[in-house]
Amino acid sequence: KNIVILISGGGSNMAAIVRTAQQQDWERRLGARVAAVVSNKADAKGLVFAREQGIATEVLDHKAFESREAFDAALAQVIDRYDPALVVLAGFMRILTPGFVAHYAGRLTNIHPSLLPAFTGLHTHQRAIDAGCRFAGCTVHLVTAELDVGPILDQAVVPVLQDDTADTLAARVLTQEHVVYPRAVASLLQKK
Ligand code: GRF
């Protein structure tokens, strides 16, 4: 069972999944492996890590395409070369078209840095602080055509501290993302 992970930047969630797959021997235990890491940014730092791990990498620059649909069609063609059982969005900062989402229905996941359904969209940590939330966190969900909405697979919660800034809260949430995303991916693969 091949996993393809999509990133746009640091790829810390991708790295956490790769490391967990190695440490928990997913290849033997789940018959699963991370087959490729795909990015829309040639300079995504996560690509360096993936290459160091001997994982295939692909770059598709969205600016090279006439439309969102054209980019998504090309992206799906690249991804399908790896015959994925699961496509994992991890810090992939593109809104995907309904056609792309439908093509991967039931095998497309994302991690969002809030306790969905609260705070869909961007700047989730600042918004949680501004709202006076006592808790924040992250959500792993199946991706549907509606942004940051979809069946919730797992969540992790962290306290919001009195003197938190968006950055200190983001760092605390990110630590939990690295726990909950690999756990959710492993659980999904066990069911496939
Ligand atoms: C994280 O906050 C994650 O919740 C969001 O993208 C941010 C960066 O993730 N999806 P990564 O370090 O690139 O995995």
*Looking at (1) more than 20 Å from Val179 (Cβ to Cβ); (2) part of a loop (DSSP other than H, G, I, E, B); (3) not β-branched (Val, Ile, Thr), find the lone condition where Leu115 falls short.*
(1)
*Which residues, counting only those in segment 27-63, are over 14 Å from Val4 (Cβ atoms) and not in a helix (DSSP H, G or I)?*
Gly31, Lys41, Ala42, Asp43, Ala44, Gln53, Gly54, Asp61
*Keeping to segment 76-94, report how many residues are touching a residue at least 60 places away in the same chain (Cβ under 8 Å), surrounded by fewer than 17 Cβ atoms within 10 Å (Cβ to Cβ) and of a type in the set (Val, Ile, Thr).*
0
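Here is a yes/no grid of residues against (1) under 15 Å from the mean Cα position of the chain (by Cα); (2) without any contact (Cβ under 8 Å) to a residue 60 or more places away in the chain; (3) over 30 Å from Gln24 (Cα atoms):
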{"residue": "Ala131", "(1), (2), (3)": "no, yes, yes"}
{"residue": "Glu146", "(1), (2), (3)": "no, yes, yes"}
{"residue": "Gln155", "(1), (2), (3)": "yes, yes, no"}
{"residue": "Asp164", "(1), (2), (3)": "no, yes, yes"}
{"residue": "His178", "(1), (2), (3)": "yes, no, no"}
*Determine which single condition Phe49 fails, assuming it passes every other condition in (1) loosely packed, with under 15 Cβ neighbours inside 10 Å; (2) within 13 Å of the ligand (Cβ to nearest atom).*
(1)
*Of all residues in segment 77-127, count the ones that are within 16 Å of the ligand (Cβ to nearest atom), over 14 Å from the mean Cα position of the chain (by Cα) and at positive phi.*
3
*asked:* Among the listed residues Ser39, Ser8, identify the single one that is surrounded by fewer than 20 Cβ atoms within 10 Å (Cβ to Cβ), hydroxyl-bearing (Ser, Thr, Tyr) and either within 13 Å of the ligand (Cβ to nearest atom) or free of Cβ contacts under 8 Å to residues at least 12 places away in the same chain (or both).
replied: Ser8
_Just to verify a result, which residue in segment 142-172, among those that are in contact with a His (Cβ under 7 Å, 6 or more places away or on another chain) and part of a helix (DSSP H, G or I), is farthest from Arg107 (Cα to Cα)?_
Ala166
_Of all residues being of a type in the set (Phe, Trp, Tyr) and out of contact with any helix residue (DSSP H, G or I) (no Cβ under 7 Å at 6 or more places or on another chain) in segment 53-103, which is farthest from Leu30 (Cα to Cα)? Just the residue, please._
Phe92
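Every read-out reported here was derived from the displayed coordinates using simple, explicitly stated rules and does not represent laboratory data. Everything numeric here is computed off the predicted structure, so don't read it as measured data. Because the Cβ atoms are built from the backbone with ideal geometry, glycine has one as well, and the counts that use them run over all protein chains shown.
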